[in-house]
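This report refers to the structure that appears directly beneath it.
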Amino acid sequence: MDTTAPALRFRPATDDDVDALVALVTSAYRGDASRAGWTTEADLLDGERIDAGVLRGDIGRARSQVVLAEHAGRLLACAHVADDDGRGYFGMFAVDPRQQGGGIGRALLAECERIARERWGLATMRMTVIDARDELIAWYERRGYRRTGEHSPFPYGDTRFGIPRRDDLRFEYLEKAL
């Protein structure tokens, strides 16, 4: 598989992008469409992956940016990067399932790390990943992230995060020095 990302244009999301972002993030993680890529959570969770209200809050918050990756005017990927009490936070990472495996995600992650390091002067990037996602955690480890051993519970009952198909879900924190 080709691992060279197409020429990408990165830009910050606006409120006008919310509907397209909800559709992209949902397609990358939920339902049958997500099975075209390798990041699917369809066997772990049903329901929504992102709440439009939460997304609007992330777009409008200081020292927070939802970064879009586009090629030829087409939205291919997105991620949220923010200053979280002096550490970078990385989340809401989604690549169009039909485009996964081509280097787009790697390029977007690098752009978010650059924003945290150069724009905000942050020394560390942190994220949470469902700890049952071994393949995804391994992908992050190949990019310099390490498992911290810290966990937080999955927010069972809060449908903004999805409807669990298992009762053993929890988040693990990953971290990288920038």
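The values are calculated or read from the model by the stated rules, or taken from the named source; none is laboratory data. Please read these numbers as outputs of a predicted model, since none were measured by experiment. A quick note on method: Cβ atoms are made from the backbone with ideal geometry, for glycine too, and the neighbour counts reach across all protein chains shown. Just the protein is used for accessible areas: all its heavy atoms, side chains included, with ligands, DNA and RNA removed. Shrake-Rupley method; radii C 1.70, N 1.55, O 1.52, S 1.80 Å.
Tabulated values for the structure
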read-out: Heavy-atom accessible area per residue - the chain, 1.4 Å, Å²; value: 49 Å²
read-out: For the chain, diffusion coefficient by Stokes-Einstein and Kirkwood Rh (Cα), 10 °C, 1.306 mPa s, µm²/s; value: 97 µm²/s
read-out: DSSP beta bridges in the stretch 58-178 [antiparallel fraction, %, rounded to 5]; value: 95 percent
read-out: The chain - percent relative contact order, Cα under 8 Å, separation 6 or more; value: 24 percent
read-out: The stretch 7-23-the stretch 142-172 distance, computed between alpha-carbon centres (Å); value: 25 Å
read-out: Dipole magnitude of the chain, debye to nearest 20 (Cβ charges: Lys/Arg +1, Asp/Glu -1, about Cα centre); value: 520 debye
read-out: Percent carbon-and-sulfur accessible area, the stretch 125-178, ignoring ligands, DNA and RNA, probe 1.4 Å; value: 46 percent
read-out: Thr14-Arg147 FRET efficiency (beta carbon distance; Förster radius 45 Å; 0.05 resolution); value: 0.85
read-out: Gain on full stretching of the segment that runs from Arg56 to Trp120 - 0.36 nm per residue minus C-alpha separation; value: 21.0 nm
